[in-house]
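Beneath this line is the structure, given in structure tokens, with notes to follow.
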Amino acid sequence: MNIPFLDNWLRRHDEAPEHAGGPGPGDRDPERAEAIASLLSECELLRARAADAGLELDDSPASLSALDQLPPRWRDDPEELPWLGNDAGLYLGTVIVRTVPGAVWHIWPGGQPVVRLVSGREIRVVEAGLEWAVNGAPELSQVYAEAAEA
């Protein structure tokens, strides 16, 4: 899912063409990388729905397992479903970036956020979140486990 406000923000803050892809392992501006990570970690809709179910999202791998166990009531609302899936993917990415050594956010030139692992593998977390929201698979905790192994 393209995030236009992030794409515009990146365009305004890019100093050189080599930064067009967003923060990666070689990014020289940790403040910029932290600002992007902060934006991507908000996930307001997912956090609100989790709170409604009595679940506090603490950015831990255990919280991904807890999300996997929630009854998928969001599937009853076709307008909310893609937004919740997007948030689920961003939350998954947030947990990976905060807990898997060397994992960083990377923004593709089209605005798509992915998580880049130290191995160079990129995880399309938004796509994984959408699949989880729509189908229940792959489970968020499973995607996390695969990232943590890499």
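The values are calculated or read from the model by the stated rules, or taken from the named source; none is laboratory data. Remember, it's a predicted structure, so these values are computed and weren't measured experimentally. Here Cβ is always computed from backbone atoms with ideal geometry, including for glycine, and neighbour counts include all displayed protein chains. The area values use the complete protein model at the heavy-atom level, side chains included, leaving out ligands, DNA and RNA. Shrake-Rupley method; radii C 1.70, N 1.55, O 1.52, S 1.80 Å.
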FRET E, pair A51, A137, Förster distance 25 Å, beta-carbon r, rounded to 0.05: 0.55
For region 25-150: rounded, prolate or oblate by the Cα gyration tensor [a/c cutoff 1.5]: prolate
Karplus-derived 3J(HN,Hα), 6.51/-1.76/1.60, for each residue of region 42-55, Hz, glycine and proline x: 4, 6, 4, 5, 4, 4, 5, 5, 5, 4, 4, 8, x, 10
Nitroxide proxy distance, nm - points 7 Å out along Cα→Cβ at T99 and D59: 1.2
Shape category assigned to region 64-115 from the gyration tensor of Cα positions, a/c cut at 1.5: oblate
Prolate/oblate/rounded label for region 80-150 (Cα gyration tensor, a/c 1.5): oblate
For region 20-141, with +1 on Lys and Arg beta carbons and -1 on Asp and Glu, the positive-most of S38, V118, S141 along the dipole: V118
Solvent-accessible surface (1.4 angstrom probe) belonging to V134, in square angstrom, nearest 10: 70
